[in-house]
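Working notes, beginning with the structure itself.
The values are calculated or read from the model by the stated rules, or taken from the named source; none is laboratory data. The structure displayed is predicted, hence computed values, not measured ones. Neighbour counts run over all protein chains shown; Cβ positions are idealised from the backbone, glycine included.
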Amino acid sequence: MQPVQPLPFPPLAARAAGLSESEVRALFSVASRPDVVSLAGGMPDVRILPAEHVAEIVARVVRRELGRALQYCGGAGLPETREAAAELMAMEGIHADPGNVLITAGGQQALDTVAKVFLDPGDRVVVEGPSYVGAISAFSAYEPRFLAVGMDDDGMIVEDLAELFAGGVRPKFVYTVPSFSNPAGVTMSYTRRLRLISLCREHGVPIVEDNPYGMLRFEGEPLPTLHSLDPENVVYIGSASKVFAPGFRVGWTTARPGLFERLLVAKEAEDLCSSAFGQLTVAAYVRSEHFAPNLAGYLALYRERRDAMLAALEAHFPEGATWTRPRGGFYVWAGLPDGLDAKALLPEAVERRVAYVPGTAFYPDGRGRDRMRLSFCYPTVGEIHEGVRRLGELLCEQTGEAASEAASA
Ligand SMILES: Cc1ncc(COP(=O)(O)O)c(C=O)c1O
(Lines give C-alpha, C1' and ligand atoms only; values in the text may rest on other atoms or scores of the structure.)
Protein backbone atom coordinates (compact mmCIF):
# COMPACT_ATOMS: atom_id res chain seq x y z
CA MET A 1 0.00 0.00 0.00
CA GLN A 2 1.21 3.47 -0.88
CA PRO A 3 2.03 5.68 2.12
CA VAL A 4 -0.65 8.32 2.41
CA GLN A 5 0.85 11.69 1.64
CA PRO A 6 -0.50 14.62 3.62
CA LEU A 7 -2.65 16.65 1.25
CA PRO A 8 -1.45 20.17 0.64
CA PHE A 9 -3.98 22.69 1.92
CA PRO A 10 -6.29 23.76 -0.91
CA PRO A 11 -6.16 27.39 -2.00
CA LEU A 12 -8.99 29.36 -0.41
CA ALA A 13 -10.78 32.53 -1.40
CA ALA A 14 -8.97 35.68 -0.37
CA ARG A 15 -11.91 36.55 1.86
CA ALA A 16 -11.36 33.43 3.94
CA ALA A 17 -7.84 34.54 4.80
CA GLY A 18 -9.30 37.59 6.50
CA LEU A 19 -11.63 35.49 8.61
CA SER A 20 -10.02 34.82 11.92
CA GLU A 21 -11.60 33.06 14.85
CA SER A 22 -13.35 35.73 16.86
CA GLU A 23 -11.84 36.55 20.22
CA VAL A 24 -15.18 35.81 21.80
CA ARG A 25 -15.31 32.26 20.43
CA ALA A 26 -11.77 31.52 21.54
CA LEU A 27 -12.83 32.55 25.01
CA PHE A 28 -15.89 30.39 25.23
CA SER A 29 -14.01 27.19 25.98
CA VAL A 30 -12.09 28.77 28.85
CA ALA A 31 -14.95 30.82 30.22
CA SER A 32 -17.23 27.82 30.45
CA ARG A 33 -14.99 26.08 33.01
CA PRO A 34 -17.17 25.84 36.13
CA ASP A 35 -14.61 27.49 38.42
CA VAL A 36 -14.32 30.56 36.18
CA VAL A 37 -16.75 33.44 36.71
CA SER A 38 -17.54 34.47 33.18
CA LEU A 39 -18.29 38.13 32.64
CA ALA A 40 -17.58 37.43 28.98
CA GLY A 41 -20.64 35.90 27.30
CA GLY A 42 -23.68 37.76 26.04
CA MET A 43 -26.16 34.99 26.72
CA PRO A 44 -29.66 35.75 27.95
CA ASP A 45 -30.37 33.91 31.19
CA VAL A 46 -32.95 31.52 29.77
CA ARG A 47 -32.68 29.53 33.01
CA ILE A 48 -35.41 31.77 34.44
CA LEU A 49 -37.98 30.91 31.78
CA PRO A 50 -40.51 28.53 33.38
CA ALA A 51 -40.05 25.16 31.67
CA GLU A 52 -43.79 24.52 31.75
CA HIS A 53 -44.44 27.66 29.67
CA VAL A 54 -42.01 26.60 26.97
CA ALA A 55 -43.27 23.00 27.10
CA GLU A 56 -46.85 24.18 26.69
CA ILE A 57 -46.00 26.29 23.64
CA VAL A 58 -43.87 23.60 22.02
CA ALA A 59 -46.58 20.98 22.69
CA ARG A 60 -49.19 23.26 21.13
CA VAL A 61 -47.06 23.60 18.00
CA VAL A 62 -46.50 19.84 17.82
CA ARG A 63 -50.16 18.98 18.35
CA ARG A 64 -51.70 21.60 16.11
CA GLU A 65 -49.09 22.44 13.50
CA LEU A 66 -46.81 19.45 13.11
CA GLY A 67 -47.18 19.26 9.35
CA ARG A 68 -46.08 22.88 8.90
CA ALA A 69 -43.53 22.78 11.70
CA LEU A 70 -41.64 19.91 10.07
CA GLN A 71 -41.85 21.29 6.55
CA TYR A 72 -39.99 23.87 4.46
CA CYS A 73 -41.75 27.19 4.26
CA GLY A 74 -41.59 30.36 2.19
CA GLY A 75 -38.23 32.11 2.26
CA ALA A 76 -39.63 35.27 3.82
CA GLY A 77 -40.98 33.32 6.79
CA LEU A 78 -44.36 32.09 8.01
CA PRO A 79 -47.22 34.61 8.03
CA GLU A 80 -47.80 34.40 11.79
CA THR A 81 -44.11 34.85 12.54
CA ARG A 82 -43.85 37.86 10.26
CA GLU A 83 -46.94 39.26 11.98
CA ALA A 84 -45.57 38.52 15.46
CA ALA A 85 -42.31 40.27 14.51
CA ALA A 86 -44.32 43.25 13.26
CA GLU A 87 -46.21 43.29 16.58
CA LEU A 88 -42.94 43.33 18.54
CA MET A 89 -41.64 46.14 16.33
CA ALA A 90 -44.89 48.05 16.90
CA MET A 91 -44.06 48.02 20.62
CA GLU A 92 -41.01 50.07 19.61
CA GLY A 93 -42.97 52.50 17.50
CA ILE A 94 -42.28 50.84 14.15
CA HIS A 95 -45.15 50.40 11.74
CA ALA A 96 -43.87 47.58 9.58
CA ASP A 97 -46.03 45.84 7.03
CA PRO A 98 -45.67 42.08 7.78
CA GLY A 99 -45.32 41.64 4.02
CA ASN A 100 -42.07 43.57 4.33
CA VAL A 101 -40.68 41.54 7.21
CA LEU A 102 -38.05 38.93 6.42
CA ILE A 103 -37.59 36.24 9.06
CA THR A 104 -33.94 35.26 9.51
CA ALA A 105 -31.89 32.86 11.63
CA GLY A 106 -31.38 35.43 14.38
CA GLY A 107 -30.34 39.00 13.80
CA GLN A 108 -26.96 37.55 12.90
CA GLN A 109 -28.16 36.17 9.56
CA ALA A 110 -29.80 39.50 8.79
CA LEU A 111 -26.44 41.22 9.33
CA ASP A 112 -24.76 38.82 6.95
CA THR A 113 -27.49 39.14 4.34
CA VAL A 114 -27.53 42.94 4.51
CA ALA A 115 -23.76 42.99 4.03
CA LYS A 116 -24.02 40.56 1.13
CA VAL A 117 -26.54 42.76 -0.62
CA PHE A 118 -24.68 46.05 -0.02
CA LEU A 119 -20.95 45.41 0.02
CA ASP A 120 -18.41 44.87 -2.72
CA PRO A 121 -14.74 44.36 -1.80
CA GLY A 122 -13.14 47.66 -0.92
CA ASP A 123 -16.42 49.46 -0.19
CA ARG A 124 -16.46 51.59 2.90
CA VAL A 125 -18.73 50.76 5.80
CA VAL A 126 -19.14 52.81 8.96
CA VAL A 127 -19.44 51.03 12.28
CA GLU A 128 -19.35 52.34 15.82
CA GLY A 129 -16.09 52.25 17.72
CA PRO A 130 -16.67 49.98 19.62
CA SER A 131 -19.11 47.86 17.64
CA TYR A 132 -20.78 44.46 17.93
CA VAL A 133 -18.10 41.86 17.19
CA GLY A 134 -20.52 39.61 15.27
CA ALA A 135 -21.32 42.45 12.86
CA ILE A 136 -17.64 43.11 12.25
CA SER A 137 -17.16 39.39 11.52
CA ALA A 138 -20.21 39.19 9.24
CA PHE A 139 -19.23 42.30 7.28
CA SER A 140 -15.56 41.24 7.03
CA ALA A 141 -16.44 38.33 4.75
CA TYR A 142 -17.41 40.88 2.08
CA GLU A 143 -14.03 42.59 2.40
CA PRO A 144 -15.07 46.19 3.06
CA ARG A 145 -12.88 48.96 4.43
CA PHE A 146 -14.11 49.75 7.92
CA LEU A 147 -14.38 53.19 9.42
CA ALA A 148 -15.11 53.21 13.15
CA VAL A 149 -16.80 56.36 14.44
CA GLY A 150 -16.23 56.95 18.16
CA MET A 151 -18.85 56.77 20.90
CA ASP A 152 -19.44 58.47 24.22
CA ASP A 153 -22.18 58.21 26.83
CA ASP A 154 -24.69 59.49 24.25
CA GLY A 155 -23.84 56.84 21.67
CA MET A 156 -22.18 57.40 18.30
CA ILE A 157 -20.51 60.80 18.02
CA VAL A 158 -22.51 61.79 14.99
CA GLU A 159 -20.52 64.98 14.41
CA ASP A 160 -17.48 62.80 13.67
CA LEU A 161 -19.54 61.07 11.00
CA ALA A 162 -20.54 64.49 9.65
CA GLU A 163 -16.84 65.31 9.31
CA LEU A 164 -16.23 62.11 7.35
CA PHE A 165 -19.10 62.97 5.03
CA ALA A 166 -17.83 66.54 4.70
CA GLY A 167 -14.46 65.08 3.67
CA GLY A 168 -16.16 63.21 0.84
CA VAL A 169 -16.38 59.76 2.42
CA ARG A 170 -19.49 57.89 1.24
CA PRO A 171 -19.90 54.54 2.98
CA LYS A 172 -22.34 51.96 1.63
CA PHE A 173 -24.13 52.10 4.98
CA VAL A 174 -23.75 53.15 8.60
CA TYR A 175 -24.22 50.34 11.12
CA THR A 176 -25.40 51.19 14.62
CA VAL A 177 -26.80 49.56 17.75
CA PRO A 178 -28.42 52.73 19.09
CA SER A 179 -30.07 51.30 22.20
CA PHE A 180 -28.07 49.64 25.01
CA SER A 181 -25.26 48.91 22.63
CA ASN A 182 -23.08 45.85 22.55
CA PRO A 183 -20.42 46.30 23.92
CA ALA A 184 -20.62 49.88 25.26
CA GLY A 185 -24.01 49.62 26.97
CA VAL A 186 -24.79 53.21 25.96
CA THR A 187 -27.81 54.63 24.14
CA MET A 188 -27.81 57.20 21.37
CA SER A 189 -29.47 60.43 22.53
CA TYR A 190 -32.59 61.76 20.84
CA THR A 191 -30.72 64.74 19.41
CA ARG A 192 -28.09 62.50 17.88
CA ARG A 193 -30.74 60.19 16.46
CA LEU A 194 -32.33 63.13 14.66
CA ARG A 195 -28.94 64.37 13.46
CA LEU A 196 -27.92 60.92 12.21
CA ILE A 197 -31.19 60.54 10.33
CA SER A 198 -30.94 63.91 8.61
CA LEU A 199 -27.22 63.57 7.87
CA CYS A 200 -27.56 60.13 6.27
CA ARG A 201 -30.63 61.15 4.31
CA GLU A 202 -28.86 64.28 3.07
CA HIS A 203 -25.90 62.24 1.81
CA GLY A 204 -27.90 59.28 0.54
CA VAL A 205 -26.29 56.81 2.94
CA PRO A 206 -28.56 54.08 4.37
CA ILE A 207 -28.52 53.24 8.07
CA VAL A 208 -28.58 49.69 9.38
CA GLU A 209 -30.19 49.75 12.83
CA ASP A 210 -29.60 46.63 14.93
CA ASN A 211 -31.87 46.62 17.95
CA PRO A 212 -31.92 43.34 19.87
CA TYR A 213 -31.86 45.06 23.29
CA GLY A 214 -34.36 47.90 22.80
CA MET A 215 -37.07 46.23 24.90
CA LEU A 216 -34.66 45.49 27.74
CA ARG A 217 -34.93 48.94 29.28
CA PHE A 218 -34.56 49.17 33.07
CA GLU A 219 -35.29 52.87 33.46
CA GLY A 220 -35.86 56.11 31.58
CA GLU A 221 -38.18 56.87 28.72
CA PRO A 222 -37.99 54.91 25.46
CA LEU A 223 -36.42 56.81 22.58
CA PRO A 224 -37.78 56.47 19.04
CA THR A 225 -36.06 53.85 16.93
CA LEU A 226 -34.20 55.18 13.91
CA HIS A 227 -36.51 53.19 11.67
CA SER A 228 -39.57 54.93 13.10
CA LEU A 229 -37.91 58.28 12.29
CA ASP A 230 -37.06 57.38 8.70
CA PRO A 231 -38.52 54.05 7.50
CA GLU A 232 -37.27 54.64 3.98
CA ASN A 233 -33.60 55.02 4.76
CA VAL A 234 -33.24 52.63 7.70
CA VAL A 235 -32.88 48.86 7.43
CA TYR A 236 -34.05 47.53 10.77
CA ILE A 237 -32.87 44.29 12.41
CA GLY A 238 -34.67 42.72 15.36
CA SER A 239 -34.43 39.45 17.24
CA ALA A 240 -36.35 37.13 19.55
CA SER A 241 -33.07 36.04 21.14
CA LYS A 242 -32.94 38.52 24.00
CA VAL A 243 -36.66 38.91 24.71
CA PHE A 244 -37.32 35.16 24.56
CA ALA A 245 -34.52 32.73 23.66
CA PRO A 246 -31.76 32.41 21.08
CA GLY A 247 -32.25 28.65 20.80
CA PHE A 248 -34.98 28.94 18.16
CA ARG A 249 -32.80 31.23 16.03
CA VAL A 250 -35.48 33.68 15.05
CA GLY A 251 -34.67 37.25 14.05
CA TRP A 252 -35.96 39.55 11.35
CA THR A 253 -35.28 42.51 9.17
CA THR A 254 -37.50 45.04 7.50
CA ALA A 255 -36.48 47.33 4.68
CA ARG A 256 -38.09 49.54 2.06
CA PRO A 257 -39.76 47.78 -0.88
CA GLY A 258 -37.22 47.02 -3.58
CA LEU A 259 -34.46 46.44 -1.06
CA PHE A 260 -36.63 43.94 0.80
CA GLU A 261 -36.88 41.72 -2.29
CA ARG A 262 -33.09 41.73 -2.74
CA LEU A 263 -32.61 40.70 0.86
CA LEU A 264 -35.19 37.94 0.44
CA VAL A 265 -33.47 36.49 -2.63
CA ALA A 266 -30.08 36.58 -0.87
CA LYS A 267 -31.48 34.94 2.26
CA GLU A 268 -33.22 32.20 0.26
CA ALA A 269 -29.91 31.34 -1.37
CA GLU A 270 -28.37 30.96 2.10
CA ASP A 271 -30.83 28.57 3.72
CA LEU A 272 -34.09 28.37 1.68
CA CYS A 273 -36.03 29.29 4.80
CA SER A 274 -35.57 29.62 8.55
CA SER A 275 -36.69 26.72 10.74
CA ALA A 276 -40.49 26.52 10.57
CA PHE A 277 -40.52 24.84 13.97
CA GLY A 278 -38.61 27.71 15.53
CA GLN A 279 -40.78 30.28 13.78
CA LEU A 280 -44.06 28.71 14.91
CA THR A 281 -42.78 28.38 18.47
CA VAL A 282 -41.61 31.98 18.65
CA ALA A 283 -44.83 33.29 17.09
CA ALA A 284 -46.96 31.28 19.53
CA TYR A 285 -44.85 32.36 22.51
CA VAL A 286 -44.79 36.06 21.64
CA ARG A 287 -48.58 36.01 21.28
CA SER A 288 -49.16 33.96 24.44
CA GLU A 289 -49.98 35.17 27.94
CA HIS A 290 -46.45 34.16 28.98
CA PHE A 291 -44.56 36.72 26.94
CA ALA A 292 -45.21 39.90 28.95
CA PRO A 293 -44.65 38.49 32.46
CA ASN A 294 -41.54 36.60 31.40
CA LEU A 295 -40.13 39.73 29.76
CA ALA A 296 -40.81 41.59 33.02
CA GLY A 297 -38.97 38.76 34.79
CA TYR A 298 -35.96 39.20 32.53
CA LEU A 299 -35.98 42.95 33.14
CA ALA A 300 -36.09 42.60 36.92
CA LEU A 301 -33.28 40.06 36.82
CA TYR A 302 -30.99 42.09 34.57
CA ARG A 303 -31.67 45.32 36.46
CA GLU A 304 -30.63 43.65 39.72
CA ARG A 305 -27.48 42.28 38.08
CA ARG A 306 -26.63 45.61 36.49
CA ASP A 307 -26.91 47.23 39.93
CA ALA A 308 -24.73 44.51 41.42
CA MET A 309 -22.08 45.04 38.76
CA LEU A 310 -22.01 48.82 39.19
CA ALA A 311 -21.75 48.44 42.97
CA ALA A 312 -18.96 45.86 42.63
CA LEU A 313 -17.02 48.06 40.21
CA GLU A 314 -17.31 50.97 42.63
CA ALA A 315 -16.02 48.77 45.44
CA HIS A 316 -13.20 46.94 43.69
CA PHE A 317 -11.89 48.71 40.61
CA PRO A 318 -8.80 50.91 41.01
CA GLU A 319 -8.49 54.66 40.73
CA GLY A 320 -8.39 55.71 37.08
CA ALA A 321 -10.77 52.99 35.85
CA THR A 322 -13.97 54.16 34.17
CA TRP A 323 -17.16 52.38 33.22
CA THR A 324 -20.49 53.06 31.55
CA ARG A 325 -23.80 52.97 33.43
CA PRO A 326 -26.21 51.18 31.13
CA ARG A 327 -29.92 51.83 31.49
CA GLY A 328 -30.75 48.55 29.81
CA GLY A 329 -29.27 45.64 27.91
CA PHE A 330 -26.48 43.31 28.94
CA TYR A 331 -23.15 45.11 29.10
CA VAL A 332 -20.84 47.47 30.94
CA TRP A 333 -17.85 48.85 29.04
CA ALA A 334 -14.89 49.51 31.29
CA GLY A 335 -11.79 51.60 30.65
CA LEU A 336 -8.58 50.65 32.42
CA PRO A 337 -6.15 52.97 34.18
CA ASP A 338 -3.30 54.32 32.02
CA GLY A 339 -0.90 51.73 30.70
CA LEU A 340 -3.00 48.62 31.39
CA ASP A 341 -3.76 46.26 28.53
CA ALA A 342 -6.93 44.17 28.79
CA LYS A 343 -5.81 41.68 26.16
CA ALA A 344 -2.44 41.08 27.78
CA LEU A 345 -4.06 40.68 31.21
CA LEU A 346 -6.67 38.14 30.14
CA PRO A 347 -4.58 34.97 30.67
CA GLU A 348 -3.75 36.13 34.20
CA ALA A 349 -7.42 36.97 34.83
CA VAL A 350 -8.47 33.50 33.70
CA GLU A 351 -5.76 32.05 35.96
CA ARG A 352 -7.58 33.89 38.75
CA ARG A 353 -10.87 32.44 37.54
CA VAL A 354 -12.56 35.42 35.96
CA ALA A 355 -13.11 36.09 32.23
CA TYR A 356 -14.10 39.14 30.19
CA VAL A 357 -13.84 40.17 26.56
CA PRO A 358 -10.91 42.49 25.79
CA GLY A 359 -11.89 45.68 24.00
CA THR A 360 -9.86 44.87 20.87
CA ALA A 361 -12.58 42.38 19.82
CA PHE A 362 -14.94 45.27 19.17
CA TYR A 363 -12.84 47.38 16.84
CA PRO A 364 -11.94 46.53 13.26
CA ASP A 365 -8.60 48.30 13.60
CA GLY A 366 -6.81 47.00 16.71
CA ARG A 367 -7.97 49.75 19.08
CA GLY A 368 -9.50 48.98 22.45
CA ARG A 369 -6.57 47.47 24.34
CA ASP A 370 -7.39 49.60 27.37
CA ARG A 371 -11.05 48.50 27.43
CA MET A 372 -13.02 45.43 28.42
CA ARG A 373 -16.61 44.32 28.07
CA LEU A 374 -18.20 43.04 31.25
CA SER A 375 -21.54 41.24 30.86
CA PHE A 376 -24.03 41.13 33.70
CA CYS A 377 -26.72 39.13 31.86
CA TYR A 378 -25.79 35.58 32.82
CA PRO A 379 -23.78 35.43 36.09
CA THR A 380 -25.73 35.58 39.35
CA VAL A 381 -25.41 38.55 41.71
CA GLY A 382 -23.01 36.55 43.87
CA GLU A 383 -20.90 35.58 40.86
CA ILE A 384 -20.82 39.18 39.65
CA HIS A 385 -19.49 40.38 43.02
CA GLU A 386 -16.89 37.64 43.13
CA GLY A 387 -15.87 38.03 39.48
CA VAL A 388 -15.46 41.80 39.74
CA ARG A 389 -13.60 41.35 43.04
CA ARG A 390 -11.11 38.97 41.42
CA LEU A 391 -10.67 41.32 38.49
CA GLY A 392 -10.33 44.39 40.71
CA GLU A 393 -7.65 42.63 42.75
CA LEU A 394 -5.65 41.93 39.59
CA LEU A 395 -6.02 45.48 38.31
CA CYS A 396 -5.11 47.00 41.68
CA GLU A 397 -1.96 44.87 41.76
CA GLN A 398 -1.07 46.19 38.33
CA THR A 399 -1.53 49.83 39.33
CA GLY A 400 0.13 49.32 42.71
CA GLU A 401 -3.05 50.31 44.53
CA ALA A 402 -4.10 48.38 47.59
CA ALA A 403 -7.13 46.25 46.83
CA SER A 404 -10.27 47.33 48.71
CA GLU A 405 -11.11 45.98 52.18
CA ALA A 406 -13.74 43.73 50.73
CA ALA A 407 -11.25 42.45 48.20
CA SER A 408 -8.79 41.26 50.79
CA ALA A 409 -11.50 39.86 53.09
C1 LIG B 1 -25.95 43.85 18.73
C2 LIG B 1 -26.26 42.44 18.37
N3 LIG B 1 -26.75 42.17 17.16
C4 LIG B 1 -27.05 40.93 16.78
C5 LIG B 1 -26.84 39.86 17.64
C6 LIG B 1 -27.17 38.49 17.12
O7 LIG B 1 -28.09 37.84 17.91
P8 LIG B 1 -29.12 36.78 17.31
O9 LIG B 1 -28.54 36.26 16.04
O10 LIG B 1 -29.23 35.73 18.35
O11 LIG B 1 -30.39 37.53 17.08
C12 LIG B 1 -26.32 40.09 18.91
C13 LIG B 1 -26.05 38.97 19.83
O14 LIG B 1 -25.50 39.09 20.88
C15 LIG B 1 -26.03 41.42 19.29
O16 LIG B 1 -25.55 41.72 20.50
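Quick check, is Ala115 touching a helix residue (DSSP H, G or I) at 6+ places or on another chain (Cβ under 6 Å) and either closer than 30 Å to Glu163 by Cα or assigned to a helix (DSSP H, G or I) (or both)? Give the steps one after another, and end with the answer.
Working: touching a helix residue (DSSP H, G or I) at 6+ places or on another chain (Cβ under 6 Å): yes; either closer than 30 Å to Glu163 by Cα or assigned to a helix (DSSP H, G or I) (or both): yes.
Yes, satisfied.
Scan the range 300-320 and give yes if some residue there is touching a His at 6+ places or on another chain (Cβ under 7 Å) and part of a helix (DSSP H, G or I), otherwise no.
yes
Which residues, taken from the range 238-254, are small (Gly, Ala, Ser), more than 17 Å from Tyr302 (Cα to Cα) and more than 7 Å from the ligand (Cβ to nearest atom)?
Matches in the range 238-254: Gly238, Gly247.
Could you pull out the residue among Arg60, Arg33 that is over 21 Å from Glu232 (Cα atoms) and modelled with pLDDT under 95?
Values: Arg60 fails: modelled with pLDDT under 95.
Result: Arg33 is the single residue among Arg60, Arg33 that is over 21 Å from Glu232 (Cα atoms) and modelled with pLDDT under 95.
Filter the range 118-154 down to the residues that are within 13 Å of the ligand (Cβ to nearest atom) and part of a strand (DSSP E or B) and list them by number.
Val127, Glu128
Kindly indicate whether any position in the range 211-227 is more than 15 Å from the chain's Cα centre (by Cα), hydroxyl-bearing (Ser, Thr, Tyr) and in a helix (DSSP H, G or I).
No: zero hits.
Among (1) on the phi > 0 side of the Ramachandran plot; (2) surrounded by fewer than 19 Cβ atoms within 10 Å (Cβ to Cβ), where does Pro224 come up short?
Evaluating Pro224 over (1) on the phi > 0 side of the Ramachandran plot; (2) surrounded by fewer than 19 Cβ atoms within 10 Å (Cβ to Cβ) leaves (1) as the failure.
Could you check the range 336-359 and list, in sequence order, the residues that are under 20 Å from the mean Cα position of the chain (by Cα) and more than 14 Å from Arg390 (Cβ to Cβ)?
Val357, Pro358, Gly359
Would you mind stating whether Ala283 is surrounded by 21 or more Cβ atoms within 10 Å (Cβ to Cβ), touching a helix residue (DSSP H, G or I) at 6+ places or on another chain (Cβ under 9 Å), farther than 18 Å from Phe180 by Cα and among the small types (Gly, Ala, Ser)? If you could, list the steps in order and put the result at the bottom.
Working: surrounded by 21 or more Cβ atoms within 10 Å (Cβ to Cβ): yes; touching a helix residue (DSSP H, G or I) at 6+ places or on another chain (Cβ under 9 Å): yes; farther than 18 Å from Phe180 by Cα: yes; among the small types (Gly, Ala, Ser): yes.
For Ala283, the condition - surrounded by 21 or more Cβ atoms within 10 Å (Cβ to Cβ), touching a helix residue (DSSP H, G or I) at 6+ places or on another chain (Cβ under 9 Å), farther than 18 Å from Phe180 by Cα and among the small types (Gly, Ala, Ser) - is met.
Which condition number in (1) under 30 Å from Glu56 (Cα atoms); (2) in contact with a strand residue (DSSP E or B) (Cβ under 8 Å, 6 or more places away or on another chain) is the one that Ser181 fails?
Condition not satisfied by Ser181: (1).
Mind checking which residues of the range 155-192 are within 16 Å of the ligand (Cβ to nearest atom), among the aliphatic types (A, V, I, L, M) and not in a loop (DSSP other than H, G, I, E, B)?
Taking the range 155-192 as the starting set, the residues that turn out to be within 16 Å of the ligand (Cβ to nearest atom) are 155-156, 173-188.
Checking which are among the aliphatic types (A, V, I, L, M) leaves us with 156, 174, 177, 184, 186, 188.
Within the range 155-192, Met156, Val174 meet the criteria.
Which pairs turn up if I take residues in the range 292-307 that are touching a residue at least 60 places away in the same chain (Cβ under 8 Å) and look for partners that are loosely packed, with under 15 Cβ neighbours inside 10 Å with beta carbon separation below 9 Å, at least 6 apart in sequence or on another chain?
Asn294/Ile48; Asn294/Pro50; Gly297/Ile48; Gly297/Pro50; Tyr298/Ile48; Leu301/Ile48; Arg303/Glu219; Arg306/Arg325
Among the residues of the range 79-96 satisfying the criterion of being touching a residue at least 60 places away in the same chain (Cβ under 8 Å) and not aliphatic (A, V, I, L, M), which is farthest from the ligand (Cβ to nearest atom)?
His95
Looking at the range 235-247, I want the residues that are without any contact (Cβ under 8 Å) to a residue 24 or more places away in the chain and in the same structural domain as Glu87 (by TED's automatic domain parsing) and have a partner that is aromatic (Phe, Trp, Tyr) and more than 7 Å from the ligand (Cβ to nearest atom) with Cβ atoms under 7 Å, at least 6 apart or on another chain. Which pairs are those?
none
Among the candidates Lys267, Lys242, single out the residue that is assigned to a helix (DSSP H, G or I) and buried (at least 24 other Cβ atoms within 10 Å of the Cβ).
Lys267
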